[in-house]
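Inspection log for the structure reproduced underneath, given as structure tokens.
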Amino acid sequence: MTEELLRLSKRMSELGLSSRREADEWIARGWVRVDGKVVSELGSKVYPSQRVTVERQAAAEQSKRVTVLINKPMGYVSGQAEDGYTPAIALINAENRWAECKAAEQFHPTQLRSLVAAGRLDIDSVGLLVLTQDGRVAKQLIGHDTDIDKEYLVRVEYPKGGRLPDADLKRLNHGLWLDGKALLPAKVRWQNDDQLSFTLREGKKRQIRRMCEAVGLKVVGLKRVRIGRVKLGDLPTGQWRYLGADEQF
């Protein structure tokens, strides 16, 4: 079988060395070698069998990139500022850092540069939101092939009275369609009388609210409590902490 040439930046992303944007930056700086030779031309192509390595400076720069966990309050948008609403990044300053954050990092305003939300959380939802400067983390959480699940606690009302029928709970777990597509199986179970736990592997726009609507439930409150292996824990509302060196999603 003949090998197909791939863009070097795409290959670096596939290998988990960097995001594509970082790859282009490093190639331009002469920090990338293919089979031991420096390749500094953007758009260069490689065969999958070729060995791609990066210089120490690239790894050092990557290790300085921070990932921040915030307990997003109601009324903040997760990404860009919109319609007069404040983005969650506005809460990241020295005063709002959680006193119990154990990371050795010192906060510096330069950390806010290219700090982007890895995934969304609606303006009227609260809980765990990840902001990162590290392209590898963003790809892990929001890349097309991500298999990292997210857990939400959802307070609901059933306007029809009584209890949601078991058949509808089963549909929430598997069997619903949104935007003309079948949803991936979810794990949905009762936590207590008015609260469901949802564990999802995808994040369509307002997905949980729309899933609940489809079975006649009204969402009263929605909080994300876990992304992969990282939990919201005791992080207070409106405060943030760094992702620890020993933590993995």
Quick one: which of Pro109, Pro73 is at pLDDT below 90 and farther than 14 Å from Ile227 by Cα?
Pro109
Restricting the search to the range 59-74, which residues are open to solvent by 70 Å² or more (accessible area, probe 1.4 Å) and either in contact (Cβ under 8 Å) with a residue 60 or more places away in the chain or within 16 Å of Gln239 (Cβ to Cβ) (or both)?
Met74
From the set of residues in the range 217-237 that are over 18 Å from the mean Cα position of the chain (by Cα) and surrounded by fewer than 18 Cβ atoms within 10 Å (Cβ to Cβ), which is nearest to Ala88 (Cα to Cα)?
Thr237
Taking the range 116-136 on its own, how many of its residues are surrounded by fewer than 21 Cβ atoms within 10 Å (Cβ to Cβ) and under 17 Å from Ser18 (Cα atoms)?
3
Conditions (1) part of a strand (DSSP E or B); (2) closer than 30 Å to Glu61 by Cβ; number of the one not met by Val188
(2)
Among the residues of the range 133-174, write down those that are assigned to a loop (DSSP other than H, G, I, E, B) and closer than 23 Å to Arg120 by Cβ.
Gln133, Asp134, Gly143, His144, Asp145, Thr146, Asp147, Ile148, Asp149
Which of (1) touching a Pro at 6+ places or on another chain (Cβ under 8 Å); (2) free of Cβ contacts under 8 Å to residues at least 12 places away in the same chain is the odd one out, the single condition Gly79 does not satisfy?
(2)
Among the candidates Gly233, Gly162, Gly216, residue that is out of contact with any His (no Cβ under 7 Å at 6 or more places or on another chain) and in contact (Cβ under 8 Å) with a residue 40 or more places away in the chain:
Gly216
Out of Val38, Val77, Val34, Val66, sole residue that is of a type in the set (Val, Ile, Thr) and under 20 Å from Gln140 (Cβ atoms)
Val66
Filter the range 75-106 down to residues that are assigned to a loop (DSSP other than H, G, I, E, B), over 21 Å from Gly135 (Cβ atoms) and open to solvent by less than 50 Å² (accessible area, probe 1.4 Å), then give me how many there are.
5
Can you find a residue that is at pLDDT 95 or above and aliphatic (A, V, I, L, M) anywhere in the range 133-153?
yes
Taking the range 171-216, which residues are over 26 Å from Gly161 (Cβ atoms), of a type in the set (Lys, Arg) and open to solvent by 90 Å² or more (accessible area, probe 1.4 Å)?
Lys181, Lys187, Arg201, Lys205
I need a count of the residues in the range 107-132 that are touching a residue at least 24 places away in the same chain (Cβ under 8 Å) and outside any loop (DSSP other than H, G, I, E, B).
10
Of the residues Arg56, Arg21, Arg33, which single one is more than 26 Å from Phe249 (Cβ to Cβ) and surrounded by fewer than 18 Cβ atoms within 10 Å (Cβ to Cβ)?
Arg33
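The values are calculated or read from the model by the stated rules, or taken from the named source; none is laboratory data. Quick caveat: nothing in here was measured; it's all calculated off a predicted structure. Please note: Cβ atoms are built from the backbone with ideal geometry, for glycine as well, and neighbour counts cover all protein chains shown. Remember, those area values only see protein heavy atoms, side chains included, never the ligands or the DNA or RNA. Shrake-Rupley method; radii C 1.70, N 1.55, O 1.52, S 1.80 Å.
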